[in-house]
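Below is one structure, written out as structure tokens; comments come after it.
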Amino acid sequence: MRPESVAQPAPEPLPSPGPTAIVALRSPPPPPASRSERLLALSSQPFDLLVIGGGATGCGIARDAALRGLRVALVEREDFASGTSSRSSRLIHGGIRYLEHGHLGLVFESSIERARLLRLAPHLVRPLPFVWPVYKGARVPRWKLTAGLMLYDALALFRNVKASRSLSPRQVVEAIPGLRSEGLTGGARYFDAATDDSRLTLVNALGASEAGATVLNHVSVRGLLLEEGRARGATLVDELTGQQLSVRARVLVSATGPWTDEIRRLDAANGTIPGVRGSKGVHISVPRERLPTDSALTLLSPVDGRVMFILPAHSHTIIGTTETATQAHPSEVRASVSDVDYLLASANGFFPNAHLAREDVVSAWAGIRPLVATGYSGSDGANSASREHAIHSSPTGILSISGGKLTTYRIMARDMVDAVEKTLGVPHRKTPTETLPLPGGDIPSFDEELAAARAEVGREDTALHLVRCYGGRWRQVWALTREQPLLAEPLVPGLPYIRAEAVHGVTHEFVHTLSDLLVRRLKVAFETRDLGRAAARLAASDMAPLLGWSPDTVERQLADYSRDVERLFSIDSTPR
């Protein structure tokens, strides 16, 4: 059974929508204000809250705070999800491997959030079955895995998609063709969820904007505005034009992940003691036909015994992840040859007939997990470090948040906005994000939405892609093809992405560069051997009229894109 065909969990009843919500279902909100209008708003009005950092946590904070009625500004130096939030395993999961280290609270919290996101973002978060094979002499024997999965189900309050169950050796091999059978003692099947990490971040930025926040990517913080020793704003630079401006806010929040310590250095009163310790995680992508699997796999690497995943991802299979210390700057972290060889050796250890080699790798990427510096314990470093989050207040009043993981971003955002309310001295309001669907998620049924898209689009792969990316808003994208039929053409032959998404990205999704579109709004760079360079020229032809790009500007943008994907996806000869 393919992951997308797994039955969706029965949704918990949501409050009846009021008139505004009903209108929203029928008429999607208008596009965001122009960039010039948002820049003007940023510099000309005071805010209650300035959020620095446009990853999943920062965008979640901005959405939560705006929905609670605060005046919010959000700035991101590069693009939304340009850091760790676009370089993950693309999972929303309870974190079964954290049970081994006793992090029961985190597993409970993550399991509840998994169920919530399946309900509130059914287009972006979908059930994914996992098979965990167990071999003779494994660090986690079959009895221990069975007991662990019983606890895993219990911590989810027995509300997971389906209950876990034990598998015989024959059932494991039938579920995963090609898997090594020698020494296999059995296994188990359990459920977590898959997501599109960068789009999950994006819809939070969109939701913040639609709730009244002033949201800007490609705007960097260069300094802090201090009044009587307290941070009351920041000096900014528009990275697209070089324009300098200032923004004033009563509270500043740093949600900058692995860049947290850079903001701490701007805040001179905060000292130089690191607040986060980076752990590098690497993934590789290979063609689906080289490692075909319809279920995800949880494995113990035969190289070093750590937990890793093999994940189905459309026409590709993802293998990951590593966990190693790194001294690389977050903007320059990349996979190394040794990282790639480790992942290939690990996969080949379980699929001996695959004979995966470096030439099979379509793309390789790395991200830095911003773990709380005080959360390390035990002898295996980042493997056992806590994924729980922490909020810190500096002497100048800047609130920073570190740690956590993609699955719990909403909890992190809630806790931070609670802290902001206390700092502002305003009455506490319960977060609406517990029950309010994310943009595009207000659909009665994913299957019904997909059936409607199939009927209108006519191409199965494109229909599925549009509904998974945009949810109930897929019609906005497809409507562009009726006005300009050429926009129904693919951006890349053989992949489901269409030219209309380039236009929609500019008008509705804060796309200002080719990387914004091809690396983060879509996964073109991850899924093509040229890292999207051929698609970039076609996309640029559709984006140029909307962004005012001259022919010379188009060539500069293409050169910038080529350098950017080289920075992100090239493979270093030595670890950093």
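The values are calculated or read from the model by the stated rules, or taken from the named source; none is laboratory data. Treat the numbers as computed from the prediction; the structure is a model and nothing was measured. Cβ atoms come from the backbone with ideal geometry, glycine included; neighbour counts cover every protein chain shown. Quick note on the areas: whole protein, heavy atoms, side chains included, nothing else; ligands and nucleic acids left out. Shrake-Rupley method; radii C 1.70, N 1.55, O 1.52, S 1.80 Å.
May I ask you to verify whether residue 41 is surrounded by fewer than 18 Cβ atoms within 10 Å (Cβ to Cβ) and of a type in the set (A, V, I, L, M)? Here the answer is yes, as residue 41 does meet what is asked. Annotation: of all residues in the range 415-461 being among the polar types (S, T, N, Q) and surrounded by fewer than 22 Cβ atoms within 10 Å (Cβ to Cβ), the one that is farthest from residue 197 (Cα to Cα) is 423. Taken together, 87, 35, 77, 71 contain a single residue that is farther than 26 Å from residue 126 by Cβ, buried (at least 21 other Cβ atoms within 10 Å of the Cβ), touching a residue at least 60 places away in the same chain (Cβ under 8 Å) and among the basic types (Lys, Arg), which is 77. Contact annotation: residue pairs with Cβ atoms under 7 Å, 6 or more positions apart or on different chains, pairing a residue in the range 175-187 that is closer than 16 Å to residue 291 by Cα with a partner that is at pLDDT 95 or above and open to solvent by 70 Å² or more (accessible area, probe 1.4 Å), are 178/353. Would you say residue 529 is of a type in the set (Lys, Arg), open to solvent by 20 Å² or more (accessible area, probe 1.4 Å) and modelled with pLDDT of 95 or more? So residue 529 fits the description; yes.
When the range 53-62 is examined, which residues are found to be outside any loop (DSSP other than H, G, I, E, B) and open to solvent by 10 Å² or more (accessible area, probe 1.4 Å)?
Initially, the range 53-62 is screened for residues outside any loop (DSSP other than H, G, I, E, B), giving 56-62.
The one that is outside any loop (DSSP other than H, G, I, E, B) and open to solvent by 10 Å² or more (accessible area, probe 1.4 Å): 57.
Can you find a residue in the range 207-216 that is of a type in the set (Gly, Ala, Ser), surrounded by 15 or more Cβ atoms within 10 Å (Cβ to Cβ) and part of a loop (DSSP other than H, G, I, E, B)? Can you show your working first?
Looking only at the range 207-216, we keep the residues that are of a type in the set (Gly, Ala, Ser), and these are 207-209, 211-213.
Then drop every residue that is not surrounded by 15 or more Cβ atoms within 10 Å (Cβ to Cβ), which leaves 207-209, 211, 213.
The next check asks that each one be part of a loop (DSSP other than H, G, I, E, B); those that pass are 211, 213.
Within the range 207-216, one or more residues are of a type in the set (Gly, Ala, Ser), surrounded by 15 or more Cβ atoms within 10 Å (Cβ to Cβ) and part of a loop (DSSP other than H, G, I, E, B).
Selection of the range 74-130 for residues being touching a strand residue (DSSP E or B) at 6+ places or on another chain (Cβ under 6 Å), under 16 Å from residue 309 (Cα atoms) and either of a type in the set (Asp, Glu) or part of a loop (DSSP other than H, G, I, E, B) (or both) yields 87, 89, 90, 93. For first residues located in the range 506-517 and closer than 15 Å to residue 477 by Cα, partners that are open to solvent by 10 Å² or more (accessible area, probe 1.4 Å) and polar (S, T, N, Q) and lie 6+ apart or on another chain with Cβ distances below 9 Å form the pairs 508/476; 510/209. Restricting the first member to the range 271-300 and to residues that are over 21 Å from residue 88 (Cβ atoms), and the second to residues that are modelled with pLDDT of 95 or more and of a type in the set (D, E, K, R), the beta-carbon pairs closer than 6 Å and six or more apart or on different chains are 290/360. Here 282, 219 are screened, and the one residue that is of a type in the set (A, V, I, L, M, F, W, C), farther than 26 Å from residue 432 by Cβ, under 18 Å from the mean Cα position of the chain (by Cα) and open to solvent by less than 10 Å² (accessible area, probe 1.4 Å) is 282. Being open to solvent by less than 50 Å² (accessible area, probe 1.4 Å) and part of a loop (DSSP other than H, G, I, E, B) is the filter here, so list the residues in the range 131-146 that pass it. Correct list: 138, 140, 141.
Table: residues versus (1) open to solvent by less than 60 Å² (accessible area, probe 1.4 Å); (2) modelled with pLDDT of 95 or more; (3) assigned to a helix (DSSP H, G or I).
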{"position": "537", "(1), (2), (3)": "no, yes, yes"}
{"position": "540", "(1), (2), (3)": "yes, yes, yes"}
{"position": "543", "(1), (2), (3)": "yes, yes, yes"}
{"position": "555", "(1), (2), (3)": "no, yes, yes"}
{"position": "565", "(1), (2), (3)": "yes, yes, yes"}
{"position": "576", "(1), (2), (3)": "no, no, no"}
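Residues that are outside any helix (DSSP H, G or I) and under 30 Å from residue 445 (Cα atoms): does the range 517-528 have at least one? Looking through the range 517-528, at least one residue is outside any helix (DSSP H, G or I) and under 30 Å from residue 445 (Cα atoms).
Being in contact with a Phe, Trp or Tyr (Cβ under 6 Å, 6 or more places away or on another chain) and not in a loop (DSSP other than H, G, I, E, B) is the filter; apply it to the range 147-183 and report the residue that is surrounded by the fewest Cβ atoms within 10 Å (Cβ to Cβ). So the residue we want is 149. For the range 371-414, the candidate set comprises residues that are modelled with pLDDT under 90, part of a helix (DSSP H, G or I) and of a type in the set (A, V, I, L, M); within that set, the residue that is nearest to residue 192 (Cα to Cα) is 382.
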